[in-house]
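Peer 1: Below is a structure I'd like to ask you about.
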Amino acid sequence: MSDDRRFSPEAHTYMDGAPTGPLSEADRSDADRLLQATEAYAARVLEPGSALTDAVMERVASRKTGRQHVWRWVFEPQPVRFRPIWAPLTAALLLVLWLTVGRGPESAPPIATASVDTVFVQFQLVAPEASSVSLAGSFSDWRSDLYAMDRENGGMWSLTVPLALGEHHYQFILDGQRWIPDPTAHAQVDDGFGGTNSVIVVGPRGVVRS
Amino acid sequence: MEASDGSVVREVLAGDSERYRILVDRYRERFGRYAVALVGDPDLAADAVQEAFVKAYHGLATCRDPERFGSWFFRILSNQCHDARDRVRPMEDVARLPLPASDRADAAVDRAELAELIEQGLAMLTPEQREAFVLKHVEGHTYEQIAALTGVGTDALKMRVHRARDTLRTALGERL
């Protein structure tokens with residue numbers, strides 16, 4: 001073995017399988033041994049067998065994917081758990097509400113409340129090199145074909161979309177392929193699948209946080 | 001004709017969950033060895049692969065490009081395998097491991113012992129180096145293929161593989 005444990009650039013090129021210049025005897029010997037050892041190791045690494053497929057299918061058979069699950073949850077009867085201790089408290093609360101809000105004409109007229117549940121939000125991205133940019137997010141079921149953005153001057157892409165109140169996650173799609181988070185977003189989160197989502201929070205008076 | 005990833009994903013999302021078996025078989029075969037080499041323990045690797053497939057199933061609606069299900073799934077699997085490896089195996093000092101064949105440095109070691117050396121040496125690498133080394137030398141991928149899978153540039157991948165080789169050479173020393 002060589003005293004200098006780092007391989008020369010030529011030795012690395014050699015191990016990459018590419019043509020290279022002459023190697024020192026120590027480099028060649030160690031490189032060959034390392035490749036031989038790695039090959040021996042690779043030969044004994046076996047993939048998990050087909051029993052794993054059965055195990056996975058058994059676990060997913062009784063459960064739906066996220067999209068199926070949501071629809072099923074919406075349309076099917078759901079069990080409700082209720083602690084008996086809450087019964088008198090709930091009754092008392094309803095009585096108080098009825099006494100303060102729901103009584104007859106002698107009660108004060110109800111204050112008009114805004115029924116704002118949707119806010120128009122403008123998304124912008126500077127991407128002069130892109131030939132198309134679209135917007136996808138939790139509000140579009142992550143479909144990339146719903147919100148095509150409009151090109152403006154200076155490589156700016158813009159689109160205004162109606163968003164329900166609450167928190168939304170989104171990304172931009174450049175040229176129909178490259179998904180990128182919003183570089184100007186105030187918060188970015190891991191999407192749990194190795195990617196990054198930008199976060200926008202919409203309140204009744206507009207964007208609370210983006 | 002083999003069904004494309006995109007068509008299978010769409011069928012599963014439409015309610016035909018049994019079709020998910022196609023994707024599980026396809027990517028178990030394609031990435032299973034990677035998982036075993038990365039985790040270092042076949043049973044724990046199988047658990048990690050299984051969890052990754054179940055997690056992918058439940059998140060399938062968020063797979064934004066179903067035709068590239070493999071790349072999307074690989075990122076889930078990679079995270080799962082790194083987590084599994086972190087939980088089970090602290091970094092080992094290969095220098096303290098016994099010599100493979102005998103205590104003579106010039107002893108001939110057979111293939112099984114060489115393989116054992118690499119398995120021990122992998123524990124000395126950083127997660128990034130280990131992944132790059134496994135994909136390059138155990139799976140036999142090109143740097144371009146690894147870049148497409150991991151999203152890491154080829155120059156950075158070459159650097160990781162080079163450092164992994166240097167680390168293995170240093171760590172294994174005369175045991176190699």
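Peer 1: Going through segment A:1-59 one residue at a time, which ones are of a type in the set (D, E, K, R) and open to solvent by 70 Å² or more (accessible area, probe 1.4 Å)?
Peer 2: A:D3, A:D4, A:R6, A:E10, A:E25, A:R28, A:E39, A:R44, A:D54, A:E58, A:R59
Peer 1: I would also like to ask the following. Of all residues in segment B:134-151, count the ones that are more than 10 Å from every other protein chain (Cβ to nearest Cβ), in contact (Cβ under 8 Å) with a residue 24 or more places away in the chain and surrounded by fewer than 22 Cβ atoms within 10 Å (Cβ to Cβ).
Peer 2: Adding up the residues that qualify gives 2.
Peer 1: Can you tell me which residues in segment B:1-48 are facing another protein chain (nearest Cβ under 7 Å), touching a Pro at 6+ places or on another chain (Cβ under 6 Å) and small (G, A, S)?
Peer 2: Those that are facing another protein chain (nearest Cβ under 7 Å), touching a Pro at 6+ places or on another chain (Cβ under 6 Å) and small (G, A, S): B:G32, B:A46.
Peer 1: Return the residues of segment A:189-208 that are away from every other protein chain (no Cβ under 14 Å) and open to solvent by 20 Å² or more (accessible area, probe 1.4 Å); say none if nothing qualifies.
Peer 2: A:V201, A:P204, A:R205, A:V207, A:V208, listed by residue number.
Peer 1: Which residues, taken from segment B:51-77, are at the interface with chain A (Cβ under 7 Å from one of its Cβ atoms) and under 14 Å from the mean Cα position of the chain (by Cα)?
Peer 2: B:R75, B:I76 - these are the residues of segment B:51-77 that are at the interface with chain A (Cβ under 7 Å from one of its Cβ atoms) and under 14 Å from the mean Cα position of the chain (by Cα).
Peer 1: Looking only at residues that are in contact with a Ser or Thr (Cβ under 7 Å, 6 or more places away or on another chain) and within 30 Å of B:A123 (Cβ to Cβ) in segment B:1-58, which one is surrounded by the most Cβ atoms within 10 Å (Cβ to Cβ)?
Peer 2: Applying the filter and picking the extreme gives B:V24.
Peer 1: Of the conditions (1) surrounded by 10 or more Cβ atoms within 10 Å (Cβ to Cβ); (2) at pLDDT below 70; (3) within 30 Å of A:Y170 (Cα to Cα), A:A114 satisfies every one except a single condition; which number is it?
Peer 2: (1)
Peer 1: Restricting the search to segment A:165-188, which residues are open to solvent by 50 Å² or more (accessible area, probe 1.4 Å) and among the hydrophobic types (A, V, I, L, M, F, W, C)?
Peer 2: A:L165, A:W179
Peer 1: Identify the single condition in (1) in a loop (DSSP other than H, G, I, E, B); (2) more than 9 Å from chain B (Cβ to nearest Cβ); (3) not aromatic (F, W, Y) that A:S29 does not satisfy, given that it satisfies every other one.
Peer 2: Result: A:S29 fails condition (1) only.
Peer 1: Hey, can you tell me all the residues within segment B:131-172 that are closer than 21 Å to A:R28 by Cα and either among the aromatic types (F, W, Y) or touching a His at 6+ places or on another chain (Cβ under 6 Å) (or both)?
Peer 2: Within segment B:131-172, B:F133, B:H162 meet the criteria.
Peer 1: Is it the case that B:E128 is farther than 23 Å from A:S29 by Cα and in a helix (DSSP H, G or I)?
Peer 2: yes
Peer 1: Select from segment B:162-171 the residues that are within 8 Å of chain A (Cβ to nearest Cβ) and open to solvent by less than 30 Å² (accessible area, probe 1.4 Å) and list them in ascending order.
Peer 2: B:R165, B:D166, B:L168, B:R169
Peer 1: So A:R143 passes all but one of these: (1) free of Cβ contacts under 8 Å to residues at least 40 places away in the same chain; (2) not in a loop (DSSP other than H, G, I, E, B). Which condition number does it fail?
Peer 2: (2)
The values are calculated or read from the model by the stated rules, or taken from the named source; none is laboratory data. Nothing here was measured: the structure is a model prediction, and the numbers come from that model. Neighbour counts run over all protein chains shown; Cβ positions are idealised from the backbone, glycine included. We work out accessible area using only protein heavy atoms, side chains counted, and drop any ligands, DNA or RNA first. Shrake-Rupley method; radii C 1.70, N 1.55, O 1.52, S 1.80 Å.
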